[in-house]
Protein chains: 2
Amino acid sequence: MANIQQVAKQAGVSVATVSRVLNGQSTVTAKTRIKVEDAIKKLNYEPSLLGRNLRNSESRILLILIPKIANPFYLDIINGIETAALSQNYNILLCETDSNPERENIYFDLVRKKMADGIISMDPAVNIDTLTELAERHAIIQCSEYSEDSGIPYVTIDNEEAAYRAVKHLIKIGHENIALINTDEKYLYARQRKAGYRKALEEQNIPVNEDNIYYTQHLGFEYGQHAMKKILGSKNRPTAVFAVSDLLAIGALKEINSYGLSVPEDIAVVGFDKIDFSNMTNPTLTTIAQPMHRMGTIAAEMLIDKIKGADVESIILDHELVIRESTSG
Amino acid sequence: MANIQQVAKQAGVSVATVSRVLNGQSTVTAKTRIKVEDAIKKLNYEPSLLGRNLRNSESRILLILIPKIANPFYLDIINGIETAALSQNYNILLCETDSNPERENIYFDLVRKKMADGIISMDPAVNIDTLTELAERHAIIQCSEYSEDSGIPYVTIDNEEAAYRAVKHLIKIGHENIALINTDEKYLYARQRKAGYRKALEEQNIPVNEDNIYYTQHLGFEYGQHAMKKILGSKNRPTAVFAVSDLLAIGALKEINSYGLSVPEDIAVVGFDKIDFSNMTNPTLTTIAQPMHRMGTIAAEMLIDKIKGADVESIILDHELVIRESTSG
DNA sequence: GTGAAAGCGCTAACAG
DNA sequence: CTGTTAGCGCTTTCAC
């Protein structure tokens, strides 16, 4: 494997000149350039990023922190990040924390040790104190889930407003007894979406019944199934369900079917996220669409700006209610 | 940000000694060690991997090449790879090629330029010539999908045998008119699974009807739906379907439901892969389980061995037929 | 327009 | 047991 010295010798120039050609600097004569390019070709030379990165004190690697790769919610965001990153010559390291602090720390270490230039955190369970501390000396952006107090710039949607619209839609088509399947309120989005649910009900003077609010520990499909089982067994069975994630909603859907009831005739269902599978269920799922891809590209651009030393402002993006079969007979 | 020199000065020792402490070498006095550790703490020092990696001529990064992150098939394998990699202090760069040669080349360049130490390729659409050429100078392992000719070590299952068992199961429960939903035969696994399908039929003297074999361009859900639509419209409607991927099978399931027929009463369905969602459908899907996680850890271990210069042998792992509702009324 | 030389931060061979 | 020093491969000033 040739290095820059051997190329220089082969071309009969100095390493500085080879470096100039490599970096496309225009201060090189056409003639010299050709000589160098020939030598590169002849030796099959590839510049080492290890050398370059050390010299430039950068790794050109971006960390993405997510709790679970398996959660389809992140897919489009990741794609957006990747597109933006690649276009600026950055690569992304996808880090699944599994909500495990040890794993998280392995990845934090990567930026502490300069193997990564910055972090996009999408993990609701991230240790926000450590993240905040890290943000003092490193570039960090929060995406989707965030903590206002941390002072770390974020890009997200208005979760309260989105949940409000979802529930308002259910009310508009005639429902009053609406259950909420929420996750643990330690997560900001859970609190925000619940607030939206409350707001929609209260606005129509429908009393908020705490018994109608169900909490799950995780976002998995089975948890939605489980919550729905409880709902179906309750005394005053709701006629509609709003779940704070599609995965939960799809679980609910399945449980309703197994129970012998129909969606939306007996019970209407609304999800949140518009994951791919929300279109594959029977019936298809009414849900809230977030501009995932855009959120990703914006997060990446914010991060890269921050790495370059720029000041970066938080952004709130638009969302959309997608009405499908699960709320329209 | 302190460097090793400043730590050495602070501790009143040489950089070599600091390096020894960092790397846990036992040739350092307890007293000196303490001095160094104190200095490290005091300066909040973190060793730079950029420097270390250049010096060691390694990046400790492993590339994983997959066509689509969104394909749930890869999730567990990736998890397995990650577990094995992390335990040996490697990190993984998840590379989605989108079956796009340009993207692929960006990632290949990463190993050419020493920013990655090796590749685990799971992309059936990979440019095998380039990969083979790359394998001359770099560590590469094929996982799941492979090319025998390339000479690159692989870990996979016996696709023909697995498909054979799946179809045999359908025959055993009474089916004779069995359709196959396959993908493009440019992929080895497609050819192998079809061979298994043939073998099972021929073994029972059931003639193989080419009209019963349907091809899809991609592995997506919609393609399964589409293929099933054709099958339902055929003159001599099959009573069972074997799809070479769960995604296709789930699409077929949905189409059958929309058509007003029942699974498995009217048509039995078998998939392949045992992705998480195969358990969320109604009815749940009979499918072939591959030891994904193990396949991942083995692939990672093979790759790391290869990076270290060892000789590595290909491995074929066991699979399992998981019988669920879609084939048992 | 090109070259010489310093240095990014680290490890390891060698000497003592 | 510890220090001196060379060098991993590259970029970038500073001279000429």
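Looking across segment A:21-38 at every residue that is more than 12 Å from DNA strand D (Cβ to nearest atom) and in a helix (DSSP H, G or I), the one that is nearest to the other protein chains (Cβ to nearest Cβ) is identified as A:37. For segment A:292-329, the set of residues classified as over 20 Å from the mean Cα position of the chain (by Cα) and in a loop (DSSP other than H, G, I, E, B) consists of A:308, A:309, A:310, A:311, A:323, A:324, A:328, A:329, listed by residue number. Residue A:68 fulfils the conditions (1) part of a loop (DSSP other than H, G, I, E, B); (2) without any contact (Cβ under 8 Å) to a residue 24 or more places away in the chain; (3) within 19 Å of the chain's Cα centre (by Cα) except for a single criterion, (2). Close contacts from segment B:44-55, counting a first residue that is closer than 15 Å to residue B:15 by Cβ and a second that is hydrophobic (A, V, I, L, M, F, W, C) and surrounded by fewer than 19 Cβ atoms within 10 Å (Cβ to Cβ), with Cβ to Cβ under 6 Å and a gap of 6+ residues or different chains, come to B:45/B:2; B:47/B:22.
Could you list, in sequence order, the residues of segment A:266-281 that are in contact (Cβ under 8 Å) with a residue 12 or more places away in the chain and farther than 20 Å from residue A:174 by Cβ?
A:272, A:273, A:274, A:275, A:276, A:277, A:278, A:279, A:281
Is one or more of the residues making up segment B:259-276 out of contact with any helix residue (DSSP H, G or I) (no Cβ under 8 Å at 6 or more places or on another chain) and surrounded by fewer than 16 Cβ atoms within 10 Å (Cβ to Cβ)? Looking for residues that are out of contact with any helix residue (DSSP H, G or I) (no Cβ under 8 Å at 6 or more places or on another chain) and surrounded by fewer than 16 Cβ atoms within 10 Å (Cβ to Cβ), one finds at least one in segment B:259-276, hence yes. Residues that are more than 7 Å from DNA strand C (Cβ to nearest atom), farther than 20 Å from residue A:106 by Cα and not aliphatic (A, V, I, L, M) within segment B:15-36 comprise B:17, B:20, B:25, B:26, B:27, B:29, B:31, B:32, B:33, B:35, listed in sequence order. Scanning segment B:282-329 for residues that are without any contact (Cβ under 8 Å) to a residue 24 or more places away in the chain and of a type in the set (A, V, I, L, M) turns up just one, B:310.
Within segment B:104-112, one or more residues are over 19 Å from the mean Cα position of the chain (by Cα) and away from DNA strand D (no atom under 16 Å from the Cβ). Residue B:184 meets the conditions (1) surrounded by fewer than 22 Cβ atoms within 10 Å (Cβ to Cβ); (2) in contact with a Phe, Trp or Tyr (Cβ under 8 Å, 6 or more places away or on another chain); (3) touching a residue at least 40 places away in the same chain (Cβ under 8 Å) in every case but one. The failed one is (3).
When residue A:109 is tested against (1) crowded, with 17+ Cβ neighbours inside 10 Å; (2) within 26 Å of residue B:87 (Cβ to Cβ), exactly one condition is not met: (1).
Listed by first and then second residue, the pairs with beta-carbon distance under 8 Å, at least 6 apart or on different chains, first residue in segment B:249-265 and closer than 14 Å to residue B:230 by Cα, second charged (D, E, K, R), are B:251/B:222; B:255/B:229; B:256/B:266. Per the conditions (1) modelled with pLDDT of 95 or more; (2) within 29 Å of residue A:115 (Cα to Cα), the sole criterion not satisfied by residue A:76 is (1).
Of the strands (runs of 3 or more DSSP E) contained entirely in segment A:75-179, those carrying at least 3 residues that are within 14 Å of chain B (Cβ to nearest Cβ) fall at A:91-96. Among the conditions (1) aliphatic (A, V, I, L, M); (2) assigned to a helix (DSSP H, G or I); (3) more than 26 Å from residue A:58 (Cα to Cα), residue B:18 misses just one, which is (3). State the number of residues belonging to segment A:264-277 that are within 12 Å of chain B (Cβ to nearest Cβ) and touching a strand residue (DSSP E or B) at 6+ places or on another chain (Cβ under 9 Å). Total meeting the criteria: 1.
Which members of segment B:56-71 meet the condition of being over 15 Å from residue B:115 (Cβ atoms) and crowded, with 21+ Cβ neighbours inside 10 Å? Correct list: B:66, B:67, B:69.
Only one of A:44, A:3, A:53 is within 16 Å of DNA strand D (Cβ to nearest atom) and buried (at least 19 other Cβ atoms within 10 Å of the Cβ). Can you tell me which?
Selected residue: A:53, the only one of A:44, A:3, A:53 that is within 16 Å of DNA strand D (Cβ to nearest atom) and buried (at least 19 other Cβ atoms within 10 Å of the Cβ).
Counting the residues of segment A:125-159 that are surrounded by fewer than 22 Cβ atoms within 10 Å (Cβ to Cβ) and touching a Pro at 6+ places or on another chain (Cβ under 7 Å) gives 3. Among the residues making up segment A:39-58, a single one is charged (D, E, K, R), within 12 Å of DNA strand C (Cβ to nearest atom) and either farther than 20 Å from residue B:50 by Cα or not in a helix (DSSP H, G or I) (or both): A:58.
Are any of the residues in segment A:195-202 within 30 Å of residue A:92 (Cα to Cα) and buried (at least 24 other Cβ atoms within 10 Å of the Cβ)?
no
The values are calculated or read from the model by the stated rules, or taken from the named source; none is laboratory data. Quick caveat, the model's predicted, so the values are computed rather than measured. A quick note on method: Cβ atoms are made from the backbone with ideal geometry, for glycine too, and the neighbour counts reach across all protein chains shown.
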